[in-house]
1. Just to check I understand the Karplus step: with θ = phi - 60° and J = 6.51 cos²θ - 1.76 cosθ + 1.60, what whole-Hz values come out for region 97-103, glycine and proline as x?
2. Which cross-chain or sequence-distant (5 or more) residues have an amide H under 5 Å from the amide H of VAL62, H modelled 1.01 Å from N in plane?
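No lab work stands behind these numbers, since they all come straight from the coordinates. In this text, all values refer to a predicted model and were calculated from it rather than measured experimentally.
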Amino acid sequence: MTSYLKTTVLLAGLTALFVGMGYLLGGQGGMLIAFLVAVGMNLFTYWNSDRMVLSMYGAQEVDAYAAPEFYGIVQQLAHRAGLPMPRVYVIHSDQPNAFATGRNPENAAVAATTGLLTMLGAEEVAGVMAHELAHVRNRDTLVMTVTATIAGAISMLANFGMVFGGSSSSEDGRGGNPLGFVGALLMMIVAPFAAMIVQMAVSRTREYEADRIGAKICGQPQWLASALVRIHQGVAHYVEPHAEANPATAHLFIVNPLHGRSFDSLFSTHPSVENRVARLQAMGVPYAPQPASPWGAPRSPWG
């Protein structure tokens, strides 16, 4: 099964789970309400998700004058990928990380932390930004926004079901919980857990594909492999408080920014760095730390 088909199947399953929860909560009427809520939430996030997440992390937009080397790397990669030039942002954080957002390539933005720009060499930064531009080209930013929105709505319905889910169907058969207590239990426990698993599966699938396409965009798989290793090491040493306060955004980053890692192997939104590096190694030259290059090493985010 291709990654695109797998993502479609997982999204369809998540949507069906949400609509099914609406039915368990309120019969046919509840199912209709759940559908309308999902449409409204997705329309809102479609138009506003990029501004919301960039504001959440205090991202500062930069241009060719404010950050010439970083901006220049993104510009070259966007040209190689055949993409419009995205807006470029810098996040003041010691943790090395990066993400992309935006509803389509014409309205995309890429962001990197100051920790990433000072810790990585220029070729590694190029590998990271190629990965993010691959997300933009694949429209993963929209897919992941929809996934996170539906998963959040399922959790909202589960909380609602804890209060009202125990009642049985009304006399006309159109309201209430058709399965009574059993339906309420499914909403409170099973559905949110299933939504979390599907959300993680979608995210992991998209990360592998972005690694593969990003390596082709920059032309050197080892640049991205080297960057992933260094970012993973840096994340372990630096806490990103905005990510910890908003864990629902963790899937946006190239490496999981969260430090609650006791169940990472099962519940992480990202594949393991070891597996990602192994796949990149299979594409080309094995991993090795990259020195400065003609890209121009970004000594600081301001050039």
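1. The phi angles translate into 6, 7, 7, 10, 8, x, 7 Hz.
2. It is VAL88, TYR89, VAL90, by chain and number.
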